[in-house]
Each structure stands twice: as C-alpha cells, then as structure tokens.
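Taken together, the values in this text are just the output of simple stated rules run on the coordinates, not laboratory data. Please read all numbers here as calculations on a predicted model, not as lab measurements. Every residue, glycine among them, receives a Cβ derived from its backbone with ideal geometry; neighbour counts consider all protein chains shown.
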Amino acid sequence: MNVYDLILKRRTIRRFKQQQIDATLLKKIVNAGRLAPSGANLQPLEFVVINNQELVELVFPKVKWAGYIAPAGDPPEGARPVAYILVLINTAIKPKHGQVDAAAAIENMILTALDDGIGSCWMGAIDREQLRALLHIPPKYDIDSVLALGYPDESPVIEDMENSIRYWKDEKGALHVPKRKLEDIIHYNQF
C-alpha cells in the first residue's frame, strides 16, 4: 500500500484483538520513529517499548481514552492494547520544541504500524508522573505521549464535519469521527 492510501485508511483504534505483536515488529515501528525529521538533526527522542503484559496492564489506567465519549470510549477488558510505546524527549539534548520532533516520529510509527496491520491510538492525556515512577524514567526526559498498539478490533468511520468536532458511537457501537472538508481548509496562493 502506498503512503497516501495508508493515510486515507488510518483511524484511531480503541478496541484491540488480544494477539501479541512480535518484538521484531515493535522494533521496526520504533525505527520508523527514529528516522523521522528532527529539528537541527538533534535527535532528542528516545522510546520505551512496553510489551510485558503485567506492565501493559499497569500502564492502562494511566492513560485517558476518548474524552468526548468517556467512559464508552475506554477499551473494555479483553479489547485493550497489547503494547505501548512511550515517546520521550531528552531535554539535555533539546530543551525546547521537542514536541515537533515527537509528532513527526509518532506519525511515522503510526503509519508503519498500520502498514503491518497494527492499529494505534496516540494519547497525550496521560499521567506523566505515575508513568515516570512506574517505568523509572529519569527527570531529564519529558514524557511527550503514549502510543497504544494492537491488532484492530473495530473500524471507525470518517464523517464530513457539520457543526461539531465531537466523535460518537452509533447504536451498533461503531465510532464516527468528523473531519473538516478539504474544500473548507485549502487555499491557493493567498488566503
């Protein structure tokens, strides 16, 4: 599949099959993040892969899911992520603006995962201090975000945005996600 088709296919996943992800594939996903653009090529990012199931279960309550439809958006028992990747910014290398590097790396990881059939949910609403303590992350690292991973067990639907950005679940439990229309956001040569 080409990159544009992956972008069109990509949806945030919050329901996962309980099939483990091979460690080689997790390493490939992190490598895609490592190779993302980095301002001044400083490369301040580091990654914590969590695939030990006991730790995966301990991370779960430290992230917040689908705020607009909470708690209906929370993955239920038996449909939770099977792995996480924490994205860290080494502030000794780049004290400011590391989030830009993180965003580029995360998108690379999301698309690489999807190309191998792995769904993901990028989360910034996380308890950073509890994660820091749980995973023994030194103070010089900012915890940017968490990428939850697993084989998808849902198929969210894109909707043209009308009056609201809020996503919703229909009566069958399918998630519907409004997106702004292209013709509403594209401008050529001037505003």
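Between region 1-54 and region 153-183, how many Å separate their Cα centres? First find each Cα centre; the distance between them is then 24 Å. For the chain, DSSP calls about 80 percent of its internal beta bridges antiparallel. Our coupling estimate for region 132-139, obtained by passing each phi through the Karplus curve with A = 6.51, B = -1.76, C = 1.60 and θ = phi - 60°, is 4, 5, 4, 9, 6, 7, x, x Hz, Gly and Pro reported as x. Working note: Cα gyration tensor of the chain, eigenvalues times five, square-rooted, sorted largest first, giving semi-axes of 26, 23, 17 Å. The value of relative contact order for the chain, using C-alpha pairs under 8 Å at least six residues apart, is 29 percent. Most tightly packed first, judged by the mean number of other beta-carbon atoms within 10 Å of their residues, the peptides 166-178, 136-148, 97-109, 37-49 read 97-109, 136-148, 37-49, 166-178.
Within the straight-line cut-off of under 27 Å between alpha carbons, the lysines reachable from Lys169 are Lys9, Lys17, Lys62, Lys64, Lys179, Lys181, sequence neighbours fewer than 8 places apart in one chain being disregarded. Of all lysines in the structure, the ones whose alpha carbon falls short of 25 Å from that of Lys94, not counting any fewer than 8 places away in one chain, are Lys27, Lys28, Lys140. With a Förster radius of 41 Å applied to the C-beta separation of Ala40 and Asp160, the computed FRET efficiency comes to 0.55. Other residues lying with their Cβ under 12 Å from the Cβ of Pro95 contribute a combined charge of +2, Lys and Arg counting +1, Asp and Glu -1.
Summing Lys and Arg as +1 and Asp and Glu as -1 over all other residues whose Cβ lies under 11 Å from the Cβ of Leu45 gives a net charge of -2. Distance between the 7 Å Cα→Cβ label points at Leu58 and Lys17: 2.9 nm. Quick one: net charge around Pro139, please, counting Lys, Arg +1 and Asp, Glu -1 for every other residue with C-beta under 12 Å from its C-beta. Result for the local shell: +1. Residue ranges 8-20, 78-90, 61-73 sort as 78-90, 8-20, 61-73 when ordered by packing (mean number of other C-beta atoms within 10 Å per residue, highest first).
Computed extension gain for Thr24 through Gln190, at 0.36 nm per residue and net of the alpha carbon distance, reaches 55.1 nm. Using Cβ point charges alone (K and R +1, D and E -1), the dipole size of the chain about the Cα centre works out to roughly 340 debye.
Estimated purely from DSSP H runs of n ≥ 4, each contributing -39500 (n - 2.57), the mean residue ellipticity at 222 nm for the chain is -8500 deg cm²/dmol once divided by its residues.
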